[in-house]
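The values are calculated or read from the model by the stated rules, or taken from the named source; none is laboratory data. Model, not experiment: these values are computed from the prediction. Backbone-built Cβ (ideal geometry, glycine too); neighbour counts: all protein chains shown.
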Amino acid sequence: MLAGLALILAVAFVFARIAGRFRQPAVMGEIIAGIALGPSLLGLLPGHLTDQLFPADTRPLLQGFAQLGLVLFMFGVGYELDLFRLRGAGRQVAIVSLSSVTLPFVLGAGLALLLYSWYDKSQLKTDGALAPTLFLGAAMAITAFPVLARIITERGLQRTRIGAMAVTCAAIEDFLAWCVLAVIVVIAIAGGTWSLVRMLLESGAFMLVLLYVVRPGLRRLLAVRGRWSAGGPVIHAVLVTGLLLSAWATNEIGLHAVFGGFAFGAVVPREEIDARAPQVAERIEQTSLFLLPVFFTITGLSVDLGGLGAHGLVMVVAVILVACLGKFAGAAASARLSGATGREAVTLGVLLNARGLTELVILNVGLGLGVLDDRVFTAMVIMALVTTFMTGPLLQYLKPHQEGGAMPVLQESVEKGV
């Protein structure tokens, strides 16, 4: 296990540096490194190197590290999302967000129905096409909010109107997609009507506790001025404990642990934390970034490009086309119709088409639920890479004017949220 961890971190670092040379986010290189360590590349070499380096008895331990990194990462996503500042974001943002979630969802669900006969039913854990269909629609609707925020910052678009719109739309879209995904998880796991009702009630009670017990409690704790509560270590310990307990709670309910980390990050009082100990959130993020290469490798072990076959290649092409068409058309058309210029609309469509790491998180949830088979999973991972990789070159080609004058609410969202 220790040798495997050392290899994962070293290879991820090298691939991240290579990605930077091509003006791609570091996470792109780390994802490709994880796939390269799996059967798609390393496993093709003589000697079954993948099985030698990551034997079956160490994979559960690596899975534990990956799960921890994932929960910490989802806390950061929820923390940066900051939904309480997105109220009143504007009519145009609301229209673009809803359309660029709805159209990809409908197209993805339709594609799932067309491809369902090609699914390997022995790998599915659900009866019928409902759960796989809804899940693929939700997976298509995702935008990689953290990766998108970094792309916008690196391109100098964070203070432009279109950059502010993109970040705010992505935040709203991811929130809607995660809500839909939570419902799909409940449908997929619940064995009957009572199980469905129970999971819905428990999920609602969990959110009420976070909103009306945990959030006010954290505010009172942060308001106390004393030696025991003044420093960052106490706040750090409280937040990590809270997010891990939240992840455990959603796992016990029947939802995936990532929902707990995400929900806890979204409800913590960010203003007070940033005022008292701004370094705490950064420490949690750095810990997650250290562990995420393990998650990418665990994902890569389930990706087998050589096992796609003819049907699998058709799936890859279809998934990429539907993903790009749904996101780009949904965002660009609605932005143009709601008053954006042609250049703004096209740029917004390109930005919101990036899936990145968030897509991999959702796909791993689906693989664990048994609503995806290995070929669809591989096709969706390739789609996540392609849509994220193409964002930078397309932005460079478009060279959007970095006009000033971002709308006040959106500008505040970017400055405080990113």
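With respect to Phe259, determine if the residue is within 17 Å of the chain's Cα centre (by Cα), assigned to a helix (DSSP H, G or I) and within 25 Å of Met383 (Cβ to Cβ). Step through it out loud before you land on a result.
On the way: within 17 Å of the chain's Cα centre (by Cα): yes; assigned to a helix (DSSP H, G or I): yes; within 25 Å of Met383 (Cβ to Cβ): yes.
Yes: the conditions hold for Phe259.
Can you go through Leu37, Leu49, Leu70, Leu2 and tell me which one is surrounded by 13 or more Cβ atoms within 10 Å (Cβ to Cβ) and over 22 Å from Val361 (Cα atoms)? Full working, then the answer.
Values: Leu37 fails: over 22 Å from Val361 (Cα atoms); Leu70 fails: over 22 Å from Val361 (Cα atoms); Leu2 fails: surrounded by 13 or more Cβ atoms within 10 Å (Cβ to Cβ).
Result of the check over Leu37, Leu49, Leu70, Leu2: Leu49.
Tally up the residues in region 14-40 that are in a helix (DSSP H, G or I) and touching a residue at least 24 places away in the same chain (Cβ under 8 Å), please. Before the answer, list the steps.
From region 14-40, those in a helix (DSSP H, G or I) are 14-21, 26-36; that's our starting set.
Among the residues that remain, those that are also touching a residue at least 24 places away in the same chain (Cβ under 8 Å) are: 27-28, 30-36.
Residues in region 14-40 being in a helix (DSSP H, G or I) and touching a residue at least 24 places away in the same chain (Cβ under 8 Å): 9 in total.
In this structure, is Leu196 touching a residue at least 24 places away in the same chain (Cβ under 8 Å), over 18 Å from the mean Cα position of the chain (by Cα) and assigned to a helix (DSSP H, G or I)? Even if it seems obvious, please write down each step before you answer.
On the way: touching a residue at least 24 places away in the same chain (Cβ under 8 Å): no; over 18 Å from the mean Cα position of the chain (by Cα): yes; assigned to a helix (DSSP H, G or I): yes.
When the stated conditions are applied, Leu196 does not pass them.
Check Val371 against each of (1) of a type outside the set (Asp, Glu); (2) buried (at least 19 other Cβ atoms within 10 Å of the Cβ); (3) over 30 Å from Leu62 (Cβ atoms) and name the one condition it does not meet.
(3)
Filter the helices (runs of 4 or more DSSP H) completely within region 267-360 down to those with at least 2 residues that are under 18 Å from the mean Cα position of the chain (by Cα) and over 21 Å from Thr387 (Cα atoms).
Working: elements: 270-276, 279-300, 309-337, 342-352.
In region 267-360, 279-300 are the helices (runs of 4 or more DSSP H) which contain 2 or more residues that are under 18 Å from the mean Cα position of the chain (by Cα) and over 21 Å from Thr387 (Cα atoms).
Considering only region 194-202, I want to know if a residue exists there that is in contact with a His (Cβ under 8 Å, 6 or more places away or on another chain) and either within 19 Å of Val258 (Cβ to Cβ) or at pLDDT 80 or above (or both). Steps first, please.
To start, the set of residues in region 194-202 that are in contact with a His (Cβ under 8 Å, 6 or more places away or on another chain) comprises none.
No: region 194-202 contains no residue that is in contact with a His (Cβ under 8 Å, 6 or more places away or on another chain) and either within 19 Å of Val258 (Cβ to Cβ) or at pLDDT 80 or above (or both).
Restrict the check to region 161-173 and report whether at least one residue is touching a residue at least 40 places away in the same chain (Cβ under 8 Å), of a type in the set (A, V, I, L, M, F, W, C) and not in a helix (DSSP H, G or I).
First, the residues of region 161-173 that are touching a residue at least 40 places away in the same chain (Cβ under 8 Å): 161-173.
Cutting the leftovers down to of a type in the set (A, V, I, L, M, F, W, C) gives us 162, 164-167, 169-172.
Filter again for not in a helix (DSSP H, G or I), leaving none.
Checked region 161-173: no residue is touching a residue at least 40 places away in the same chain (Cβ under 8 Å), of a type in the set (A, V, I, L, M, F, W, C) and not in a helix (DSSP H, G or I).
What number goes with the only condition from (1) more than 21 Å from the chain's Cα centre (by Cα); (2) crowded, with 20+ Cβ neighbours inside 10 Å that Gly204 does not pass?
(2)
May I ask you to list the residues in region 341-365 that are more than 25 Å from Pro25 (Cα to Cα) and either at pLDDT 90 or above or in contact with a helix residue (DSSP H, G or I) (Cβ under 7 Å, 6 or more places away or on another chain) (or both)?
Initial filter on region 341-365 (more than 25 Å from Pro25 (Cα to Cα)): 341-342.
Result: Gly342, single match.
Sort through Arg91, Arg23 and tell me the only one that's in contact with a helix residue (DSSP H, G or I) (Cβ under 6 Å, 6 or more places away or on another chain), surrounded by fewer than 14 Cβ atoms within 10 Å (Cβ to Cβ) and modelled with pLDDT under 90.
Numbers: Arg91 fails: in contact with a helix residue (DSSP H, G or I) (Cβ under 6 Å, 6 or more places away or on another chain).
Answer to the selection: Arg23.
Which residue, of Glu154, Glu173, is surrounded by 22 or more Cβ atoms within 10 Å (Cβ to Cβ) and acidic (Asp, Glu)?
Working: Glu154 fails: surrounded by 22 or more Cβ atoms within 10 Å (Cβ to Cβ).
The conditions single out Glu173.
Return the pair list, or none, for Cβ contacts closer than 7 Å from residues in region 257-282 that are within 12 Å of Leu239 (Cα to Cα) to residues that are of a type in the set (Asp, Glu), at least 6 apart or on different chains.
Cβ pairs passing all conditions: Arg270/Asp82.
Between residues in region 97-126 that are over 25 Å from Glu173 (Cβ atoms) and in contact (Cβ under 8 Å) with a residue 60 or more places away in the chain and residues that are of a type outside the set (A, V, I, L, M) and crowded, with 22+ Cβ neighbours inside 10 Å, which pairs lie under 6 Å by C-beta distance while being six or more apart or on different chains?
From region 97-126, no pairs qualify.
Here are some conditions: (1) crowded, with 18+ Cβ neighbours inside 10 Å; (2) assigned to a helix (DSSP H, G or I); (3) of a type in the set (A, V, I, L, M, F, W, C); (4) at pLDDT below 90. Phe84 meets all but one. Which one does it not meet?
Against the list (1) crowded, with 18+ Cβ neighbours inside 10 Å; (2) assigned to a helix (DSSP H, G or I); (3) of a type in the set (A, V, I, L, M, F, W, C); (4) at pLDDT below 90, Phe84 comes up short only on (1).
Being surrounded by 20 or more Cβ atoms within 10 Å (Cβ to Cβ) and polar (S, T, N, Q): is that true of Thr168 here?
On the way: surrounded by 20 or more Cβ atoms within 10 Å (Cβ to Cβ): yes; polar (S, T, N, Q): yes.
For Thr168, the condition - surrounded by 20 or more Cβ atoms within 10 Å (Cβ to Cβ) and polar (S, T, N, Q) - is met.
Taking Leu114, is it modelled with pLDDT of 90 or more, surrounded by 21 or more Cβ atoms within 10 Å (Cβ to Cβ) and assigned to a helix (DSSP H, G or I)?
On the way: modelled with pLDDT of 90 or more: yes; surrounded by 21 or more Cβ atoms within 10 Å (Cβ to Cβ): no; assigned to a helix (DSSP H, G or I): yes.
The answer is no for Leu114.
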